[in-house]
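Here the structure is laid out as structure tokens; the discussion comes afterwards.
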Amino acid sequence: SGIVYALDARTGNVVWVYHAGGAVKASPTLSGGTLYFGDYSGHIQAVSERTGRRIWISSSEGALLGSGTFYSTAAVAYGRVFLGNTDGRVYAYDASTGKLDWAVQTGAYVYASPAVTNAPGLGPTLYLGSYDGTFYAIDARSGHVSWRFNAHGRISGSATIVGRTVYFADLGQHHTYGLGISTGQVHFEMDTGAFDPVISDGTNIYLTGYTGLYGLAPR
């Protein structure tokens with residue numbers, strides 16, 4: 001319905017309501033007292049966590065592959081907001097002003113949500129996959145593609161970083177990969193998966209496969 005709600009966690013009472021311009025498909029991202037989210041009108045907005053008042057609103061820059069809508073959940077890091085769009089682009093906006101800093105074109109829809117870290121040898125880097133079957137490592141400051149990995153299948157779920165490995169699953173081939181964050185070299189591969197890859201408790205990793213759950217110990 002395009003409505004974002006703030007609810008009292010203790011009582012469930014509505015604190016405030018915000019009306020976006022289109023359906024809000026992704027989770028809002030909370031950082032520094034501000035909620036960031038995109039919608040299906042092709043806009044991304046920043047809203048005060050406390051009051052629900054809009055701080056800024058920006059739009060995607062085009063719709064080369066379709067409607068130009070935001071499904072991706074944003075990552076907020078290094079003073080920017082990063083997220084993918086169904087127009088095939090990955091966008092970076094200034095977190096304070098909403099100014100577009102850069103946009104990178106992939107070959108198909110970008111439903112996936114990004115993971116961001118300071119990678120050795122690369123610096124601040126953004127990781128996410130596209131429906132073009134490619135997983136990208138992108139310089140968070142410039143938008144330059146540092147490396148890419150061809151997974152040969154649509155990537156719809158979010159990436160996760162554990163240590164110096166970034167994990168993702170692909171929806172087409174049903175594989176889960178773990179790649180070196182600096183090199184893109186394969187550290188881990190398992191013949192199952194579809195959307196979300198792995199989480200860790202600091203010792204083991206836990207993987208959501210295509211038809212089951214797996215707990216994996218380090219070797």
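Take Val15 and tell me if it is in contact with an Asp or Glu (Cβ under 9 Å, 6 or more places away or on another chain), buried (at least 16 other Cβ atoms within 10 Å of the Cβ) and either among the β-branched types (Val, Ile, Thr) or not in a strand (DSSP E or B) (or both). Spelling it out, it is not the case that Val15 is in contact with an Asp or Glu (Cβ under 9 Å, 6 or more places away or on another chain), buried (at least 16 other Cβ atoms within 10 Å of the Cβ) and either among the β-branched types (Val, Ile, Thr) or not in a strand (DSSP E or B) (or both). Counting the residues of the range 18-56 that are outside any loop (DSSP other than H, G, I, E, B) and open to solvent by 70 Å² or more (accessible area, probe 1.4 Å) gives 4. Give the residue that is surrounded by the fewest Cβ atoms within 10 Å (Cβ to Cβ), with candidates limited to residues of the range 68-118 that are under 13 Å from the mean Cα position of the chain (by Cα), in contact (Cβ under 8 Å) with a residue 60 or more places away in the chain and in a loop (DSSP other than H, G, I, E, B). For the range 68-118, the residue satisfying everything is Thr73. Among residues that are among the aliphatic types (A, V, I, L, M), farther than 18 Å from Pro114 by Cβ and at pLDDT 95 or above, Ala6 is included. Using the structure shown, decide if Thr183 is surrounded by 15 or more Cβ atoms within 10 Å (Cβ to Cβ), under 14 Å from Gly153 (Cβ atoms) and of a type in the set (Val, Ile, Thr). Criteria not met by Thr183.
What residue, of Gly202, Gly153, is out of contact with any Lys or Arg (no Cβ under 9 Å at 6 or more places or on another chain), assigned to a loop (DSSP other than H, G, I, E, B) and open to solvent by less than 50 Å² (accessible area, probe 1.4 Å)?
The unique qualifying residue is Gly153.
Per-residue answers, yes or no, for (1) in contact with an Asp or Glu (Cβ under 7 Å, 6 or more places away or on another chain); (2) of a type in the set (Gly, Ala, Ser); (3) within 14 Å of Phe195 (Cα to Cα):
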{"position": "Gly143", "(1), (2), (3)": "no, yes, no"}
{"position": "Val162", "(1), (2), (3)": "no, no, no"}
{"position": "Gly172", "(1), (2), (3)": "no, yes, yes"}
{"position": "His175", "(1), (2), (3)": "yes, no, yes"}
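The values are calculated or read from the model by the stated rules, or taken from the named source; none is laboratory data. Because the structure is a prediction, the values reported are computed rather than measured. No Cβ is skipped: glycine too gets one built from the backbone with ideal geometry, and neighbour counts run over all protein chains shown. Ligands, DNA and RNA are excluded from the accessible area calculation, which covers all protein heavy atoms including side chains. Shrake-Rupley method; radii C 1.70, N 1.55, O 1.52, S 1.80 Å.
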